[in-house]
Amino acid sequence: MGKGASKEKEEVKEKGAGKKKGEGMPERILYPCYFDAGLARGDGRRVPRGMAVKGPTMEDLERAVKRCGIKHRKEPKSHPAHWFKKEGRIVAEWKNSKESLLRKVAGKLEVKQ
């Protein structure tokens, strides 16, 4: 484009731009690695080891979220630190802190053998 050419304005979509302030419930993202007892906190675990389980799957996590009665959806995304695992994630509607959500879900989490 030259100096005299007209420039088209591009809309820049920011994170969370799809929702207006005060519209709907805030969303929190949960990855199975947050609840994995085999991981250290530095490797992605977000709950105390006593509340974590060994090798949780997306199905285990979704079952726990359903038991809590939390509205949610599954997405085929990966945790940035574990991008190669392709494990997926849960997007839950939750208005309180993420920490309280993690503890609530961890309390309902059971791994099927």
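So here's what we get for this one:
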{"item": "Table column - 3J(HN,Hα) (Hz), the range 89-106, Karplus curve with 6.51, -1.76, 1.60, x for Gly and Pro", "result": "8, 10, 10, 10, 7, 8, 8, 8, 5, 5, 4, 5, 5, 4, 5, 5, 5, 4"}
{"item": "Separation of alpha-carbon centers, the range 57-113 and the range 37-55, rounded to whole Å", "result": "13 Å"}
{"item": "Sites ASN96 and ARG41, calculated FRET efficiency, Cβ-Cβ separation with R0 22 Å, nearest 0.05", "result": "0.55"}
{"item": "Mean shadow area of the range 32-108, taken as a quarter of the surface of its Cα convex hull (nm²)", "result": "4.7 nm²"}
{"item": "Taking VAL105, VAL47 and counting other C-beta atoms within 10 Å, the order from fewest to most", "result": "VAL47, VAL105"}
{"item": "Note, ³J(HN,Hα) from phi for the range 36-51, Karplus 6.51, -1.76, 1.60, rounded to Hz, x at Gly and Pro", "result": "8, 5, x, 9, 7, 4, x, 9, x, 5, 10, 10, x, 4, x, 9"}
{"item": "Summed residue charge, Cβ within 12 Å of ARG89's Cβ, Lys/Arg positive, Asp/Glu negative", "result": "+2"}
{"item": "Residue order, fewest to most beta carbons within 10 Å, for HIS79, HIS72", "result": "HIS79, HIS72"}
{"item": "Qualifying chymotrypsin sites (Phe, Trp or Tyr not before Pro) in the range 16-95, DSSP loop, other Cβ atoms within 10 Å at most 11", "result": "TRP83, PHE84"}
{"item": "Placed amide H near VAL111: partners under 5 Å, 5+ positions off or other chain", "result": "none"}
{"item": "Amide proton proximity set for ARG89, modelled H, under 5 Å, gap of 5+", "result": "GLU75, LYS77"}
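Values quoted throughout were computed directly from the atomic coordinates according to the rules given, and no laboratory measurement underlies them. No experiment lies behind these values; they were computed from the predicted model shown. Heads up, the Cβs are rebuilt from the backbone with ideal geometry, glycines too, and the neighbour counts pull from every protein chain shown.
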